[in-house]
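Below is one structure, written out as structure tokens, with a few remarks after it.
The values are calculated or read from the model by the stated rules, or taken from the named source; none is laboratory data. This one's a predicted model, so the numbers in the text were calculated from it and none came from an experiment. Because the Cβ atoms are built from the backbone with ideal geometry, glycine has one as well, and the counts that use them run over all protein chains shown. Each accessible area value is taken on the protein alone, full model and side chains, heavy atoms only, with ligands, DNA and RNA left out. Shrake-Rupley method; radii C 1.70, N 1.55, O 1.52, S 1.80 Å.
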Amino acid sequence: MQKLEVVGSNRLKGKIKIQGSKNASLPILAATLLSKKKIYLNNLPKVKDIETMLVLLSSLGSKIKRNGNKTIIDNSNQKKTFASYSLVKLMRGSFLVLGPLLAKFGKAKVSSPGGCSIGVRPVGIHLQALSKLGAKIKISQGYVVAEAPNGLKGAKIKFSKISVGATENLIIAACFANGETILSNCAIEPEIKDLVNFLNKIGCNIKWISERSIKILGVKNVLENQYSIMFDRIEAGTYLVAAALTEGNLKIYNVIPHIIKTEIRYLKKIGAKIKIDKNSIHIIGNKNIKNLNIKTAPYPGFPTDLQAQMMVLLCKASKNSLVKENIFENRFMHVAELNRMGAKITIKGNTANIEGNTNFTGAELMATDLRASVSLILAALSAKGKSIINRIYHLDRGYENIEKKLKSVGAKVRRLN
Ligand code: UD1
């Protein structure tokens with residue numbers, strides 16, 4: 001099993017190009033299933049979760065060609081409607097094929113994704129909403145079996161809770177529903193805006209009618225077209241935190257800065273100096289890090305996917321900080337490992353109390369999920385001595401060439417087999 005060795009305390013200095021967004025690519029790849037033609041995608045990140053989605057699409061009959069930054073998905077012979085447990089269990093994002101398969105063929109059988117290490121993560125909201133579009137849904141032997149033999153029908157649906165995945169599944173499905181669908185209380189993560197832009201580009205008819213409401217007029221077919229995926233705002237935030245943590249001097253590029261204005265505001269509050277250009281952000285880390293209280297929330301709030309990374313930074317603050325996790329019930333798994341490196345974090349319910357002035361020391365560590373893994377690397381980058389991080393396959397699910405990128409800006413990082 002591969003491990004990462006990190007020798008800490010180097011200042012990061014230089015430039016990093018930000019990858020295409022994993023969380024925008026997944027729903028867009030699922031949405032290509034609506035097509036019976038070719039879709040050309042640029043900027044899919046080269047990470048494991050995207051490979052898993054491409055394997056799933058191939059198993060459904062899509063023909064896929066990848067060449068550098070370009071990917072062609074050819075669905076002219078895509079006919080299968082069965083997504084197996086063996087593929088869906090690898091990644092929850094796979095469940096997004098349910099909406100497009102059901103909309104295109106009037107039936108789909110997709111493994112229920114189950115929970116994962118960060119929480120129970122049910123899919124009831126997806127299923128209730130698809131039922132409102134006229135689908136008959138049952139759960140059989142761990143599979144969601146959905147049918148709409150006469151096609152889906154437009155409806156007015158208010159999500160009971162803001163869910164990124166349910167909003168995406170429903171937007172895609174409603175593109176082929178007969179008539180008008182209005183979805184309200186939608187998630188409005190930038191990746192959802194990217195999905196909508198993609199769908200409109202291939203001929204769907206979707207309009208935002210208020211901040212969290214969207215109107216979709218069903219169409220019968222979509223067109224052949226090309227699309228470039230947005231930047232990965234979580235990768236961007238992770239490198240900004242890395243710079244703030246190491247008193248670094250880093251420019252990240254290939255980004256749209258206003259999309260991460262909340263993160264930038266918090267980084268300025270802790271004392272980092274930030275200069276914004278059209279497509280890049282320049283950050284200079286400060287020796288004295290100020291404390292901060294943060295709570296995770298749906299966009300435009302602070303992202304849960306950056307909570308673990310920010311917590312590492314707050315360990316170095318001059319006073320105590322609080323981090324409240326409002327999205328997932330079990331997203332503090334990094335805390336035990338950070339405490340082994342010298343952090344003083346205590347958890348009460350969904351709130352972590354972080355004592356400041358931590359001097360991390362290197363240790364042998366275990367990664368537990370994607371963002372927890374990267375937070376351990378961040379702590380190791382600012383630690384005294386050497387750390388070994390085990391189970392880094394989690395990291396490869398979402399970060400493209402992480403050790404290469406970190407090395408290029410002066411970190412001492414090496415992959416061990
Ligand atoms: C997506 C992101 C993930 C991010 C999360 C929140 C992808 C591939 N994943 O996950 O990285 O951390 O948004 O920003 O884009 N819920 C229910 N019932 C449902 C659906 C969700 O109770 O049917 C709950 C979840 O358990 C969670 C909350 O709603 O507590 C938000 O989940 P959701 O927004 O759906 O997250 P995902 O789409 O799974």
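For the residue pairs LYS48/LYS404; LYS3/LYS344; LYS158/LYS207; LYS295/LYS319, alpha carbon separations beyond 22 Å are given by LYS3/LYS344. Accessible area ranking (1.4 Å probe, heavy atoms, ligands and nucleic acids excluded), largest first, for THR361, THR167: THR361, THR167. Here the scattering of segment 22-228 is modelled by Debye summation over its C-alpha atoms, one equal scatterer each and no solvent; at q = 0.08, 0.09, 0.10, 0.13 Å⁻¹ the log10 of I(q)/I(0) is -0.22, -0.29, -0.36, -0.63. Taking the protein heavy atoms of segment 221-272 in the context of the full set of protein chains, the accessible area attributed to carbon and sulfur is 49 percent at 1.4 Å.
All Cα-Cα distances of the chain, cut into 20 Å bins from zero to the largest, leave 27, 55, 17, 0 percent in each bin in turn. Projecting the Cα positions of ALA317, THR246, CYS186 onto the charge dipole of the chain (unit charges on Cβ atoms of Lys, Arg, Asp and Glu, taken about the Cα centre) puts THR246 furthest along the positive direction. Can you flag which of LYS89/LYS268; LYS251/LYS386; LYS215/LYS268; LYS36/LYS193; LYS278/LYS324 are past 28 Å Cα-Cα? Beyond 28 Å between Cα atoms: LYS89/LYS268; LYS215/LYS268; LYS278/LYS324.
The magnitude of the dipole of segment 22-228, with charges of +1 and -1 set on the Cβ of Lys/Arg and Asp/Glu and taken from the Cα centre, is near 360 debye. Ordering LEU195, THR71, PRO100 by the projection of their Cα atoms onto the charge dipole of segment 22-228, which places +1 on the Cβ of Lys and Arg and -1 on the Cβ of Asp and Glu, puts PRO100 at the extreme positive end. For the set SER59, SER9, the ranking by accessible area, highest first and with no ligand, DNA or RNA atoms included, is SER9, SER59 under a 1.4 Å probe.
The helix-only estimate of mean residue ellipticity at 222 nm for the chain, built from DSSP H runs of length n ≥ 4 each weighted as -39500 (n - 2.57), is -8500 deg cm²/dmol after division by the residue total. How much net charge surrounds TYR253 when only the other residues with a Cβ under 11 Å from the Cβ of TYR253 are counted, with Lys and Arg +1 and Asp and Glu -1? My count for the surroundings of TYR253 gives +3. Between ALA363, ASN353, PHE302, the Cα set farthest toward the positive side of the dipole of segment 301-372 (charges on each charged residue's Cβ, about the Cα centre) is that of ASN353.
Rounded to whole Å and sorted largest first, what semi-axes of the equivalent ellipsoid does the C-alpha gyration tensor of segment 245-384 yield via the square root of 5 times each eigenvalue? Show your work: numbers first, answer last.
On the way: eigenvalues 105, 63, 41 Å².
Value: 23, 18, 14 Å, ordered largest first.
Relative to the dominant Cα principal axis of the chain, helix 190-201 is inclined by about 30°.
Around ILE73, under 9 Å between beta carbons, what's the net of Lys plus Arg minus Asp minus Glu among the other residues?
Taking every other residue near ILE73 into account, the sum is +2.
Taking other residues whose beta carbon is less than 10 angstrom from the beta carbon of THR32, and scoring Lys, Arg as +1 and Asp, Glu as -1, yields +1.
Straight-distance candidates among the aspartates and glutamates for linking to LYS201, with alpha-carbon spacing under 18 Å and chain neighbours fewer than 8 residues away dropped: ASP74, GLU168, GLU191, GLU224. Computed with a 1.4 Å probe over protein heavy atoms only, the accessible area of LYS38 comes to about 80 Å². Dipole magnitude for the chain: computed about the Cα centre from +1 point charges on Lys and Arg Cβ and -1 point charges on Asp and Glu Cβ, it is near 460 debye.
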